[in-house]
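First comes the structure, then the notes that go with it.
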Amino acid sequence: MEVKGITHNSKEVYEGYIFVAIEGTNTDGHQFVEEALRRGAIRVYVEKDVGIEDPRIVKVSDTRKLLGELCHEFYGRPSEKLQVIGVTGTNGKTTTTHILESVFRTAGIKVGLIGTIYYRLGDKVYRYEGRTTPDPVEWHSTLKAMLEDGAQVVCAEISSHALHQRRVWGTKFFTTIFTNLSQDHLDYHGDMENYFSAKLLLFTQYPQEFSVINADDPYGKRIVSVVGKRARTYGKEGDLRITNFETSLEGSRLEVEYEGKRYRFFSHLRGEFQAYNLSAAILTAFLRGIDPQVVEEGVKDVRVPGRFETYRKDGKTVIVDYAHTPDALEKLLRTARGITRGRLLVVFGAGGNRDRTKRPLMGEVAQNWADVIVLTSDNPRWEDPISIIEDIMEGISQKNKVLVEPDREKAIRLAVEMAKEGDVVVIAGKGHEDYQEIKGVRYPFSDSAVVREILHV
Ligand SMILES: CC(=O)N[C@H]1[C@@H](OP(=O)(O)OP(=O)(O)OC[C@H]2O[C@@H](n3ccc(=O)[nH]c3=O)[C@H](O)[C@@H]2O)O[C@H](CO)[C@@H](O)[C@@H]1O[C@H](C)C(=O)N[C@@H](C)C(=O)N[C@H](CCC(=O)O)C(=O)O
Ligand SMILES: Nc1ncnc2c1ncn2[C@@H]1O[C@H](COP(=O)(O)OP(=O)(O)OP(=O)(O)O)[C@@H](O)[C@H]1O
Ligand SMILES: N[C@H](CCC[C@H](N)C(=O)O)C(=O)O
Ligand SMILES: [Mg+2]
């Protein structure tokens with residue numbers, strides 16, 4: 001039986017395909033078995049009876065795991081011929097994968113990147129459906145495509161949704177990395193314990209040589225206790241020990257101690273949290289045997305679109321960043337406050353159809369650090385923008401600091417034009433995003449483009 005393709009979507013079944021029925025969050029693939037058969041499926045895997053007598057239907061215990069295993073086989077087990085580095089955690093995945101990409105490229109190693117912004121190998125960008133971590137078909141086929149295009153290493157962001165939905169099941173990892181865990185995605189996971197359990201899966205259910213863990217994070221400590229001798233840690237208490245870190249508008253200086261030696265690094269990345277992203281990437285590069293001088297060179301000029309992008313004009317500074325969780329916003333504003341001579345203004349909103357409970361917490365963070373808060377829309381999706389803003393307002397008692405402007409472009413313009421010499425304006429939540437998602441439509445929109453137009457830079 002020659003298999004022509006594998007899919008979990010009946011609408012993508014063609015003659016000779018295998019269809020795997022998945023019970024999802026919106027609908028159940030088991031309702032589409034008849035359609036899959038009609039479209040020419042030669043095998044249909046189900047988890048439960050669908051009331052159709054047909055020799056092509058086979059029942060298994062877990063169709064999500066089966067889908068991953070089938071795709072891993074069908075695309076030629078690419079993760080066994082590459083070195084796949086998987087990064088998970090609430091924040092830092094995109095940044096850490098970009099640092100690793102820069103280090104491996106400096107070492108002359110062909111390195112692929114799969115994550116929030118793009119799936120790319122050098123200048124080649126692969127089909128991208130908008131997920132930080134794609135479904136098993138897109139995941140294993142992209143690994144195969146990168147392998148065929150010469151990739152030796154692939155650095156990938158592994159989201160908690162992906163782990164919960166087994167989107168990367170069947171993958172063999174070289175190294176997995178844990179950045180941190182703080183509040184996000186509770187709309188999906190329900191509570192922090194479930195969120196942590198999803199993250200833990202990467203370190204316990206997938207083959208890997210090393211687990212690189214943030215020893216300073218309370219959840220990181222729990223992962224170390226579970227993975228045992230495979231763990232290699234970073235942080236103030238890590239195997240790779242952070243001994244000094246300074247950050248400014250110019251960049252960051254990091255000093256670490258590892259296996260009895262001291263190392264110093266400089267990077268254009270800014271923000272106190274970069275100590276951790278840099279350390280995670282440096283430890284991983286050391287474990288892969290990359291020469292320290294090459295690592296030093298590789299971490300210098302890392303550019304991550306939409307992370308702490310800085311524009312300056314007439315003595316005022318505007319920072320565009322992707323922070324969209326209470327922890328990230330807190331660390332971003334704390335860093336911004338440290339470089340502000342005058343007032344700190346912040347423009348942000350919160351994504352619709354995402355974790356609602358984080359909204360007042362973000363409002364409270366903004367109130368603690370900023371002099372002026374302009375509340376606006378992020379990606380409202382199917383929610384009313386005003387009600388999202390009201391959720392954020394719940395966390396703000398100092399109402400006199402707040403201006404409300406639901407139109408994001410007007411809100412950015414309002415803050416930048418209000419700012420005076422010495423002031424800093426932080427525009428948070430969307431970073432690299434080049435769209436605004438409203439009621440299922442992605443309208444072209446970019447925070448950076450709006451800022452550049454206002455400042456004529
Ligand atoms: C909540 C969530 O994660 N949903 C993801 C999930 O969809 P689902 O389980 O809801 O699927 P469903 O729509 O219920 O359909 C169930 C099954 O029926 C099948 N079906 C459906 C219709 C049909 O006609 N025939 C058919 O066979 C579907 O193919 C599917 O297998 O599986 C889909 C396929 O893999 C994903 O595209 C989809 O991502 C949605 C669009 C999404 O917005 N996900 C976000 C929350 C997300 O995944 N974000 C993370 C983290 C971002 C970050 O913090 O970095 C990410 O990795 O991007
Ligand atoms: N190690 C970190 N700890 C806390 N905040 C961080 C860290 N690294 C980056 N941030 C902040 O969080 C934001 C998101 O960073 P990044 O895009 O690297 O995270 P991510 O895990 O890929 O996020 P997402 O899951 O939304 O894709 C950054 O814009 C920055 O403000
Ligand atoms: N500006 C986006 C950031 C989150 C995107 C991604 N992390 C997700 O949850 O899909 C939003 O808040 O909608
Ligand atoms: Mg990301």
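Some points to look at:
- Fully extending the segment from TYR435 to ARG127, taken as 0.36 nm per residue of separation minus the present Cα-Cα distance, adds 109.1 nm.
- Portion, in percent, of the accessible area of segment 154-197 that falls on carbon or sulfur, probe 1.4 Å: 48
- Computed [θ] at 222 nm, deg cm²/dmol, the chain (DSSP H ≥ 4; -39,500 (n - 2.57); rounded to nearest 500): -10000 deg cm²/dmol
- Residue-normalised accessible area of the chain, expressed per residue, 1.4 Å probe, Å²: 42
- Among TYR14, LEU37, VAL50 - extreme Cα towards positive end, dipole of segment 5-61, charges at beta-carbon: TYR14
- Summary value for the chain: 11 percent relative contact order, contacts being C-alpha pairs under 8 angstrom separated by 6+ residues.
- Percent carbon-and-sulfur accessible area, segment 292-331, ignoring ligands, DNA and RNA, probe 1.4 Å: 45
- Computed about the Cα centre, the dipole magnitude for segment 226-309 is approximately 300 debye when only Lys and Arg (+1) and Asp and Glu (-1) carry charge, each at its Cβ.
- Annotation: amide H-H contacts under 5 Å for CYS155 (H modelled 1.01 Å from N, sequence separation of 5 or more, or interchain): ILE85, GLY112, LEU113, ILE114.
- P(r) histogram, all alpha-carbon pairs of segment 130-171 included - 5 Å bins from 0, percent: 6, 23, 32, 23, 12, 4, 0
- Within the chain, the longest run free of chymotrypsin sites (Phe, Trp or Tyr not before Pro) that sit in a DSSP loop with at most 11 other Cβ atoms within 10 Å is 15-381.
- Taking all C-alpha pairs of segment 347-386, those more than 16 Å from each other amount to 33 percent.
- Between GLN293 and ILE52, the FRET efficiency from the beta-carbon distance, with R0 = 41 Å, is close to 0.05.
- Within segment 77-300, percent of DSSP bridges classed antiparallel, to nearest 5: 45
- Considering only beta bridges that DSSP places wholly inside segment 367-457, some 50 percent are antiparallel.
- Debye, to nearest 20: dipole size of the chain, +1 on Lys, Arg Cβ, -1 on Asp, Glu Cβ: 900
- Over segment 245-296, relative contact order from alpha-carbon pairs under 8 Å, at least 6 apart, %: 29
- The GluC sites (Glu not before Pro) of segment 366-408 that meet both conditions, a loop assignment by DSSP and at most 14 other Cβ atoms within 10 Å of the site Cβ, are GLU394.
- Rg and Dmax of segment 289-345, Cα atoms only, in Å: 15.0, 47
- Relative contact order of segment 309-455, pairs being alpha-carbon contacts under 8 Å that are 6 or more residues apart, as %: 34
- Calculated on alpha-carbon atoms, Rg and Dmax of segment 249-314 in Å: 13.0, 48
- Segment 382-457: C-alpha gyration tensor shape, a/c 1.5 cut-off, then a/b vs b/c: oblate
- Dimensions of segment 5-61 from C-alpha coordinates, computed as largest minus smallest value along each principal axis and given longest first, are 27, 23, 17 Å.
- Look at the dipole of the chain built from charges on Cβ: of VAL299, PHE174, ALA336, the Cα furthest out on the positive end belongs to VAL299.
- Remark: segment 104-256 carries a charge dipole of roughly 540 debye about the Cα centre, counting +1 on each Lys and Arg Cβ and -1 on each Asp and Glu Cβ.
- Distance between modelled label sites at LYS300 and GLN398, nm, 7 Å Cα→Cβ extension: 4.1
- For segment 259-386: rounded, prolate or oblate by the Cα gyration tensor [a/c cutoff 1.5]: prolate
- DSSP beta bridge pairing in the chain, given as percent antiparallel to the nearest 5: 40
- Structural size metrics of the chain, computed from C-alpha coordinates, are Rg and Dmax of 23.1, 75 Å.
- Convex hull (Cα only) mean projected area of segment 154-279, reported in nm² to one decimal: 8.5
- The eigenvalues of the Cα gyration tensor, multiplied by 5 and square-rooted, give segment 363-426 an equivalent ellipsoid with semi-axes of 20, 15, 8 Å from largest to smallest.
- Viscosity 0.890 mPa s, 25 °C: Kirkwood-radius Stokes-Einstein D of segment 309-455 over Cα pairs, µm²/s: 166
The values are calculated or read from the model by the stated rules, or taken from the named source; none is laboratory data. If you're wondering where the values come from, they're calculated on a predicted model, not measured in any experiment. Cβ: placed from backbone, ideal geometry, glycine included. Neighbour counts: every protein chain shown. All accessible areas refer to the heavy atoms of the entire protein, side chains included, with ligands and DNA or RNA removed. Shrake-Rupley method; radii C 1.70, N 1.55, O 1.52, S 1.80 Å.
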